[in-house]
1. Would you point out which residue out of 95, 87, 91 is more than 22 Å from residue 158 (Cβ to Cβ) and in contact with a helix residue (DSSP H, G or I) (Cβ under 8 Å, 6 or more places away or on another chain)?
2. Suppose we filter the range 76-129 for residues that are assigned to a helix (DSSP H, G or I) and farther than 30 Å from residue 149 by Cα; how many remain?
3. Conditions: (1) modelled with pLDDT of 90 or more; (2) more than 22 Å from residue 138 (Cβ to Cβ); (3) touching a strand residue (DSSP E or B) at 6+ places or on another chain (Cβ under 7 Å). Residue 82 meets all but one. Number of the miss?
4. For the range 210-233, name all the residues that are in contact with a helix residue (DSSP H, G or I) (Cβ under 8 Å, 6 or more places away or on another chain) and under 26 Å from residue 178 (Cβ atoms).
5. Yes or no: the range 130-137 includes at least one residue that is touching a helix residue (DSSP H, G or I) at 6+ places or on another chain (Cβ under 9 Å), part of a loop (DSSP other than H, G, I, E, B), touching a residue at least 60 places away in the same chain (Cβ under 8 Å) and surrounded by fewer than 18 Cβ atoms within 10 Å (Cβ to Cβ).
6. Do any strands (runs of 3 or more DSSP E) lying entirely in the range 168-269 carry at least 2 residues that are modelled with pLDDT of 95 or more and crowded, with 17+ Cβ neighbours inside 10 Å, and which ones are they?
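The values are calculated or read from the model by the stated rules, or taken from the named source; none is laboratory data. Everything numeric here is computed off the predicted structure, so don't read it as measured data. All Cβ positions, even for glycine, are placed from backbone atoms using ideal geometry, and neighbour counts span all protein chains on display.
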């Protein structure tokens with residue numbers, strides 16, 4: 001029995017030495033491999049950088065009291081963003097920090113918040129959650145896809161080409177706006193809902209200190225040999241956004257930009273109402289002036305007025 005166990009141990013050691021999986025020779029081989037690996041690293045052999053996976057997700061949410069036109073704009077933006085997630089309407093008016101918690105629960109890194117005031121004024125918040133920055137826009141000149149009925153039509157879920165005006169690089173606050181919009185509207189290349197090609201262009205332009213957004217389909221009637229063979233057909237929607245404030249945090253924090261040219265819609269409506277109220281005052285003033293004029297310029301009595309009585 002003891003002889004058989006000794007023969008088994010000898011056979012195992014011989015097999016390990018033959019395969020190079022055990023014993024002092026295998027340990028020496030492992031050390032030599034480690035030394036070669038370290039030497040190759042020190043000699044300047046570049047390691048392959050780890051693959052960066054863009055996990056950008058956008059939360060699209062609105063407040064209570066949103067109008068039908070704003071709701072249609074929200075649905076149009078959801079169609080343009082395959083990496084977006086929609087949530088229920090929020091009841092909050094002041095505590096916007098709740099949106100950061102909702103975005104964290106949804107696993108989103110950016111947020112688009114449609115805030116409606118007085119059932120007529122639309123404010124659009126774009127923010128990087130939860131650290132910031134966040135931008136507050138006043139949205140005007142809204143034209144949805146269903147309203148325009150343009151002939152352009154691109155595939156849903158395809159990745160857009162983002163085109164920014166050169167004016168975005170002119171001022172610091174426009175650079176911040178460009179960075180936030182590019183991260184929100186750029187579809188991640190490895191997202192499971194995206195299509196692996198580009199067939200439309202999202203154009204962002206700065207005119208009159210406002211951001212104008214347009215969406216165009218890239219089309220061609222013949223085989224494409226140069227960029228002159230491509231044509232752009234507008235799809236929609238159309239939006240004009242006036243930046244109001246830029247905050248360093250997400251939906252709050254210190255104000256890093258305040259638009260001095262911005263006039264609130266309440267002030268515009270108050271001025272219009274005041275101008276209409278002056279009509280009655282002008283009418284009363286004109287009556288009193290006419291009365292004073294008649295008293296100052298009385299027609300003298302004619303001397304022959306009683307001749308034929």
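1. Selected residue: 87, the only one of 95, 87, 91 that is more than 22 Å from residue 158 (Cβ to Cβ) and in contact with a helix residue (DSSP H, G or I) (Cβ under 8 Å, 6 or more places away or on another chain).
2. Restricting attention to the range 76-129, the residues satisfying the condition of being assigned to a helix (DSSP H, G or I) are 76-80, 98-106.
From the residues that got through so far, the ones that are farther than 30 Å from residue 149 by Cα too are 98-106.
Total satisfying the criteria: 9.
3. Unmet condition: (3).
4. Result: 211, 215.
5. Yes, the range 130-137 contains a residue that is touching a helix residue (DSSP H, G or I) at 6+ places or on another chain (Cβ under 9 Å), part of a loop (DSSP other than H, G, I, E, B), touching a residue at least 60 places away in the same chain (Cβ under 8 Å) and surrounded by fewer than 18 Cβ atoms within 10 Å (Cβ to Cβ).
6. 195-207, 210-219, 238-249
Residue-wise test of (1) surrounded by fewer than 17 Cβ atoms within 10 Å (Cβ to Cβ); (2) under 21 Å from residue 180 (Cα atoms).
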position: 64; (1), (2): yes, no
position: 67; (1), (2): yes, no
position: 71; (1), (2): yes, no
position: 75; (1), (2): yes, yes
position: 80; (1), (2): no, yes
position: 91; (1), (2): yes, no
position: 96; (1), (2): no, yes
position: 101; (1), (2): yes, yes
position: 108; (1), (2): no, yes
